[in-house]
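First comes the structure, then the notes that go with it.
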Amino acid sequence: MSIIGITQDRDHPRAALDAASVREAYRRWAGVYDVVFGGVSAFGRKRAVAAVNLLPGPRVLEVGVGTGLALPLYRPDLDVVGIDLSREMLLKAQEKVGEQALANVHGLLEMDAENMAFASGSFDIAVAMFTASVVPDAKKLFAEMSRVVRPGGHLLFVNHFAAENGFRWWVERSMAPLARVLGWHPDFMIEDLLDPAVTRVESRDPCPPAGLFTLVKVRNAD
Ligand SMILES: C[S@@+](CC[C@H](N)C(=O)[O-])C[C@H]1O[C@@H](n2cnc3c(N)ncnc32)[C@H](O)[C@@H]1O
């Protein structure tokens with residue numbers, strides 16, 4: 001059943017995010033995002049971009065680029081394009097590009113990651129940092145990232161993945177109905193993003209603080 005963008009699944013009753021609720025959440029977060037989230041997420045972001053910088057191929061897509069906190073970290077010779085649903089977040093990213101003269105950022109586009117306008121195989125690498133648990137449908141995100149990256153290219157994700165049991169599992173399940181207010185799913189599992197049985201996951205590395213986030217590197221099918 002769907003009521004003004006909230007979908008309730010009887011087996012897993014959590015408030016789903018739709019594009020309108022993501023835009024609304026990040027319209028509110030844009031002004032304070034760097035101060036509130038910039039610190040705790042900095043390690044994961046640095047690790048993800050360091051991994052991107054070591055991979056072959058210059059064409060990089062950052063999905064859910066947000067306020068552009070990662071943009072100054074890319075190698076200067078890369079060709080970086082960022083997309084996001086939120087105009088307000090993109091405007092913050094644009095400010096950073098201007099202030100820091102980031103000549104390797106060749107585009108910041110308002111675009112839905114679940115339905116991208118890029119031709120198949122347009123990029124060597126696509127990276128989504130703290131975005132997989134925010135998009136309305138993470139499996140569609142994965143499929144689209146896989147489509148726009150060339151065969152044999154790489155998909156990287158850094159994200160919080162929910163605990164499988166214990167106290168943290170209980171807290172995350174309890175917070176799940178707040179997804180629309182938070183702008184992300186606290187109970188997000190890696191299986192919500194990809195099927196480990198058929199996906200070539202090259203590495204899964206916990207990141208500080210306290211392994212709260214995980215960097216996942218996937219090799220696109222040849
Ligand atoms: C938690 S923020 C992460 C921002 C940035 N990656 C970072 O490291 O700080 C999630 C971002 O994903 C964007 N987003 C959510 N759903 C999206 C979608 N379907 N398409 C594009 N961007 C989306 C949000 O607007 C928001 O800017």
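The values are calculated or read from the model by the stated rules, or taken from the named source; none is laboratory data. Model, not experiment: these values are computed from the prediction. Reconstructed Cβ throughout: ideal geometry from the backbone, glycine too, with neighbour counts over all protein chains shown. These area figures cover heavy atoms from the full protein model, side chains too; ligands, DNA and RNA do not enter into them. Shrake-Rupley method; radii C 1.70, N 1.55, O 1.52, S 1.80 Å.
Details
- Conditions (1) assigned to a strand (DSSP E or B); (2) in contact (Cβ under 8 Å) with a residue 40 or more places away in the chain; (3) more than 16 Å from the chain's Cα centre (by Cα); number of the one not met by residue 91: (1)
- Complete set of residues in segment 54-76 that are open to solvent by less than 30 Å² (accessible area, probe 1.4 Å), over 16 Å from residue 103 (Cβ atoms) and more than 10 Å from the ligand (Cβ to nearest atom): 55, 57, 61
- Residues in segment 112-122 that are open to solvent by 40 Å² or more (accessible area, probe 1.4 Å) and among the aliphatic types (A, V, I, L, M): 117, 119.
- Listed conditions (1) among the acidic types (Asp, Glu); (2) closer than 19 Å to residue 145 by Cα; (3) open to solvent by 30 Å² or more (accessible area, probe 1.4 Å) are all met by residue 95, apart from (2).
- Sole exception among (1) touching a residue at least 24 places away in the same chain (Cβ under 8 Å); (2) on the phi < 0 side of the Ramachandran plot; (3) assigned to a loop (DSSP other than H, G, I, E, B); (4) not acidic (Asp, Glu) for residue 53, by number: (3)
- Residue satisfying condition, being modelled with pLDDT of 95 or more, open to solvent by 20 Å² or more (accessible area, probe 1.4 Å) and part of a strand (DSSP E or B), within set 108, 155, 102: 108
- Of all the criteria given as (1) of a type outside the set (Asp, Glu); (2) within 14 Å of the ligand (Cβ to nearest atom); (3) crowded, with 21+ Cβ neighbours inside 10 Å, the one not satisfied by residue 125 is (2).
- Residues that are closer than 21 Å to residue 221 by Cβ and out of contact with any helix residue (DSSP H, G or I) (no Cβ under 6 Å at 6 or more places or on another chain) are absent from segment 81-100 altogether.
- For residue 62: the one exception among (1) in a loop (DSSP other than H, G, I, E, B); (2) within 15 Å of the chain's Cα centre (by Cα): (1)
- Residue tally, condition under 16 Å from the mean Cα position of the chain (by Cα) and over 13 Å from residue 131 (Cβ atoms), over segment 34-49: 8
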